[in-house]
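To start, the structure under review is shown below, and the notes come after it.
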Amino acid sequence: MSNKLTVNKQQVESWLTKLPGFDPKDPKPGHYQIFLCPETGAVFHSREQTRAYTRKTQITDFVSIWVTVENDGKGGWKLGNFSSVQPSAQEMKIMRVKADEYEKRKSDQRQKEQEKIMAQQIEEERLAKLAKENQGENSMEIQRRRAEAAADEEEKKRREQEELKKKLMEGGAREDTSTLINADNGLDRVKVSAQENSYGKWVNDKLTRGGHAPIRVDNMLKEFYDGTVLKKLLGVLTKGEYEDKLKGVSMKPYNKFVVSHNFKLLWGVMGDNEKIDLGGINSVSIWGGHPCLKTLIGLIRKLQCHYDFVGGRSELLEWVRPLTEHRKKVDNFTSDWEDGTAFLALYESIFPGKTLDATDPATNMKVAFKSFSTDLGVVPLLEPEDVISGESDEELTMMYIASIR
């Protein structure tokens, strides 16, 4: 393959526009490697493509150049150096930072465009609904019906919260969750998984300790949908440090535009003030048109790790090993806990002089979980059947043991 370079700036710009994925109006900054076939003018972006072209045409002569593209973030861009010599590692590192900034800017632009479209749709729907209501009923009758419906909904929610709080005090038993459809928001209420169960109990533990009503563990997407639960949770976790900022979060968001504003404020508290690494979690995936339970659980896990999980896996394992060795040798947070004896051993070491009888795995765990709840006030975040079956993964077992610690 030839390494000779006899090209000019205009040629390079022309070749760049032929690269797949290259946006000539707003290109991604970076170092681009271009392979040119002088004989035919064909342009490629990898050696694999040139080899395929050689097999097809028998042409073996190509020119390879490295091109630096810079973007000012305002729609303008220019060519930097172009040469047959690959940029240095330091130059590559600097350009990767600029590329990451570019990706964030594009992501923010897409989110703003989506929010604008949603706001327009919501306003159009509101106006259409208002026009229809004005045609069929007078405003006083509409207000009366709305007040009655709101009162009924509030009473229903109060009864559900009392029932859930009672279950939580009894050990946080998992709710019976047949598949249901929420006609109001289109959110499917799915069967509770081990992760949803554990993280839901963690949320309820924090909320109730802060004086708030618990949420429905089997319907967390709807509970977190408008940002009000997340506001309460952050208030408890930060011990009221950002009370003034959280006041801006509406507790009665009447449309998606207000919901979007709620999450913008909440994301600011978590990312800017608390320096929580949200790892690219997008709030639109919680309140948008297609809410994702996996995203919500990922957010709760970030909060749990930030506020409750001090130290890493190795440190937690070193802490627990000497406390369980009189009954069980522990080398992991999965199979070594499935028969329940490690939980019994951990309790006995924390409360010397107390002995828990070992029987079958399910009973072992129920006894241990109840003992930790009674004597330490630790909510049983795990279900025995999940641990035994292996559905409760390492992450959830670590979370429960960290809460005991």
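Based on this model, can you work out whether Phe22 counts as under 19 Å from Glu103 (Cα atoms) and either in contact with a helix residue (DSSP H, G or I) (Cβ under 6 Å, 6 or more places away or on another chain) or at pLDDT below 85 (or both)? The answer is yes for Phe22.
From the list Thr355, Thr374, Thr363, Thr397, the one residue that fits, being in contact (Cβ under 8 Å) with a residue 40 or more places away in the chain, of a type outside the set (Lys, Arg) and either over 23 Å from Arg301 (Cβ atoms) or in a helix (DSSP H, G or I) (or both), is Thr397. Being within 21 Å of Gln195 (Cβ to Cβ) and either free of Cβ contacts under 8 Å to residues at least 24 places away in the same chain or open to solvent by 40 Å² or more (accessible area, probe 1.4 Å) (or both) is the filter here; which residues of the range 320-336 pass it? Of everything in the range 320-336, those that are within 21 Å of Gln195 (Cβ to Cβ) and either free of Cβ contacts under 8 Å to residues at least 24 places away in the same chain or open to solvent by 40 Å² or more (accessible area, probe 1.4 Å) (or both) turn out to be Thr334, Ser335, Asp336.
Here's the yes/no breakdown for (1) in a helix (DSSP H, G or I); (2) open to solvent by 30 Å² or more (accessible area, probe 1.4 Å); (3) acidic (Asp, Glu):
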position	(1), (2), (3)
Lys28	no, yes, no
Tyr32	no, yes, no
Thr68	no, no, no
Ile94	yes, yes, no
Val97	yes, yes, no
Tyr102	yes, no, no
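Just give me the residues in the range 203-230 being more than 19 Å from Arg158 (Cβ to Cβ) and open to solvent by 40 Å² or more (accessible area, probe 1.4 Å), in sequence order. Across the range 203-230, the qualifying residue is only Arg209. For the range 84-114, filtering for residues that are more than 30 Å from the chain's Cα centre (by Cα) and in contact (Cβ under 8 Å) with a residue 60 or more places away in the chain leaves 2.
If I ask for residues that are in a helix (DSSP H, G or I), buried (at least 17 other Cβ atoms within 10 Å of the Cβ) and without any contact (Cβ under 8 Å) to a residue 60 or more places away in the chain, which ones from the range 337-352 would you list?
Within the range 337-352, Thr341, Ala342, Phe343, Leu344, Ala345, Leu346, Tyr347, Glu348 meet the criteria.
Restricting the first member to the range 281-301 and to residues that are under 21 Å from Val269 (Cβ atoms), and the second to residues that are open to solvent by 30 Å² or more (accessible area, probe 1.4 Å) and of a type in the set (D, E, K, R), the beta-carbon pairs closer than 8 Å and six or more apart or on different chains are Ile281/Lys302; Ser283/Lys264; Val284/Glu115; Trp287/Asp226; Trp287/Lys256; Arg301/Glu395. For the range 109-119, the criterion of being surrounded by 14 or more Cβ atoms within 10 Å (Cβ to Cβ), in contact with a helix residue (DSSP H, G or I) (Cβ under 6 Å, 6 or more places away or on another chain), among the aliphatic types (A, V, I, L, M) and not in a loop (DSSP other than H, G, I, E, B) is satisfied by at least one residue.
Rundown of residues vs (1) in contact with a Phe, Trp or Tyr (Cβ under 8 Å, 6 or more places away or on another chain); (2) open to solvent by 20 Å² or more (accessible area, probe 1.4 Å), yes/no style:
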position: Ala362; (1), (2): no, yes
position: Met365; (1), (2): yes, no
position: Phe369; (1), (2): yes, no
position: Pro380; (1), (2): yes, no
position: Asp386; (1), (2): no, no
position: Ser389; (1), (2): no, yes
position: Thr397; (1), (2): yes, no
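Please verify whether Val192 is open to solvent by less than 10 Å² (accessible area, probe 1.4 Å), closer than 23 Å to Asp393 by Cα and at pLDDT 85 or above, treating the condition exactly as stated. Answer is no for this residue.
Could you list all residues from the range 340-367 that are among the charged types (D, E, K, R) and under 16 Å from Tyr400 (Cβ atoms)?
Applying the first criterion (among the charged types (D, E, K, R)) to the range 340-367 yields 348, 354, 357, 360, 366.
The one that is among the charged types (D, E, K, R) and under 16 Å from Tyr400 (Cβ atoms): Lys366.
Every residue, every condition in (1) aliphatic (A, V, I, L, M); (2) within 26 Å of Ala402 (Cβ to Cβ), yes or no:
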residue	(1), (2)
Ser260	no, no
Gly279	no, yes
Leu296	yes, yes
Asp308	no, yes
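Regarding Val43, is this residue within 26 Å of Gln90 (Cα to Cα), aliphatic (A, V, I, L, M) and free of Cβ contacts under 8 Å to residues at least 60 places away in the same chain? It is false that Val43 is within 26 Å of Gln90 (Cα to Cα), aliphatic (A, V, I, L, M) and free of Cβ contacts under 8 Å to residues at least 60 places away in the same chain. Filtered by the rule that a residue be modelled with pLDDT under 80 and touching a Ser or Thr at 6+ places or on another chain (Cβ under 9 Å), the range 84-141 gives Ser84, Glu133. For the range 296-319, the criterion of being surrounded by 14 or more Cβ atoms within 10 Å (Cβ to Cβ) and of a type in the set (Gly, Ala, Ser) is met by at least one residue. Among the residues of the range 70-83, those identified as hydrophobic (A, V, I, L, M, F, W, C) and in contact (Cβ under 8 Å) with a residue 60 or more places away in the chain are Leu79, Phe82.
The values are calculated or read from the model by the stated rules, or taken from the named source; none is laboratory data. Quick caveat, the model's predicted, so the values are computed rather than measured. Note: ideal-geometry Cβ built from the backbone for every residue, glycine included; neighbour counts use all protein chains shown. Only protein heavy atoms, including side chains, enter the accessible area calculation; ligands, DNA and RNA are left aside. Shrake-Rupley method; radii C 1.70, N 1.55, O 1.52, S 1.80 Å.
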